[in-house]
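Student: Shown below is the structure under consideration.
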Amino acid sequence: MAVLAMLQDANVLPPKDTPDANRIIKSVIQFQSVFLKSDDAAVLTFLNRAIAECTGRCATEAASQFHSTGWTSEVLEALREQWVTTTIDQRTQLTPGFRQFNVSIDDFDSFMELVARARTVLEQRGQNLHQVFAQRRREMPGSTQ
């Protein structure tokens, strides 16, 4: 999965085969399902607000690509930006929708922190999160991009 490979490239993941690493892998997979499959109103509102704020691309295009191919770096970054501006009360409203997929707001907070750390580390190296993600996605088996 390109997200995990990008996070690994940034050296922000815990060592392989540790409980923390396993938790993060589960979270990345489950949160993709949350945002692709959930019909929870709070989750849908959060995702729609995040995508509406996507920069550099049309929000409709970003949503369409996410729904057809899964995680994109633009959606990850938009979710992170939306998460930062979401109040504690609004975050709490996401709990039922997340719980349906066996993840929590703490899991999402950790995931979003990894995305932010990865962006920072990659920028410090003169790399771009979107370019690293795109390269890793092209390297995935079955990639058509």
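Student: Any residue at all in segment 111-130 that is polar (S, T, N, Q), modelled with pLDDT under 95 and assigned to a helix (DSSP H, G or I)?
Tutor: Scanning segment 111-130 turns up no residue that is polar (S, T, N, Q), modelled with pLDDT under 95 and assigned to a helix (DSSP H, G or I).
Student: Given the options Ala52, Ala41, Ala21, name the one that is closer than 15 Å to Gly97 by Cα, without any contact (Cβ under 8 Å) to a residue 60 or more places away in the chain and surrounded by fewer than 19 Cβ atoms within 10 Å (Cβ to Cβ).
Tutor: Testing whether each residue is closer than 15 Å to Gly97 by Cα, without any contact (Cβ under 8 Å) to a residue 60 or more places away in the chain and surrounded by fewer than 19 Cβ atoms within 10 Å (Cβ to Cβ) leaves just Ala41.
Student: If you don't mind, there's one more thing I want to ask. Spot the failing condition for Asp107; the list is (1) buried (at least 21 other Cβ atoms within 10 Å of the Cβ); (2) over 24 Å from Ala134 (Cα atoms), and only one is missed.
Tutor: Only one criterion in (1) buried (at least 21 other Cβ atoms within 10 Å of the Cβ); (2) over 24 Å from Ala134 (Cα atoms) is unmet by Asp107, namely (1).
Student: Further question on the same structure: With the checklist (1) in a helix (DSSP H, G or I); (2) under 21 Å from Met6 (Cβ atoms); (3) in contact (Cβ under 8 Å) with a residue 24 or more places away in the chain in hand, flag the one item Val103 doesn't pass.
Tutor: Condition (1) is where Val103 drops out.
Student: Is segment 125-132 home to any residue that is loosely packed, with under 13 Cβ neighbours inside 10 Å, within 13 Å of Met6 (Cα to Cα) and either without any contact (Cβ under 8 Å) to a residue 12 or more places away in the chain or out of contact with any Phe, Trp or Tyr (no Cβ under 8 Å at 6 or more places or on another chain) (or both)?
Tutor: yes
Student: Please find, within segment 14-47, the residue that is nearest to Gln93 (Cα to Cα) out of those that are among the polar types (S, T, N, Q) and more than 14 Å from the chain's Cα centre (by Cα).
Tutor: For segment 14-47, the residue satisfying everything is Thr45.
Student: Moving on to the next point. Does segment 80-102 contain at least one residue that is buried (at least 16 other Cβ atoms within 10 Å of the Cβ), in contact with a Lys or Arg (Cβ under 8 Å, 6 or more places away or on another chain) and of a type in the set (Val, Ile, Thr)?
Tutor: no
Student: Which residue is modelled with the lowest pLDDT, if the candidates are limited to segment 1-57 and must be among the polar types (S, T, N, Q) and not in a helix (DSSP H, G or I)?
Tutor: Thr55
Student: Taking the stated definitions as given, is Glu113 surrounded by 21 or more Cβ atoms within 10 Å (Cβ to Cβ), closer than 18 Å to Leu4 by Cβ and not aliphatic (A, V, I, L, M)?
Tutor: no
The values are calculated or read from the model by the stated rules, or taken from the named source; none is laboratory data. Predicted model, so just to flag it, every value in this text is computed and none were measured. Methodologically, a virtual Cβ is constructed for each residue, glycine included, from the backbone with ideal geometry; neighbour enumeration extends over all protein chains shown.
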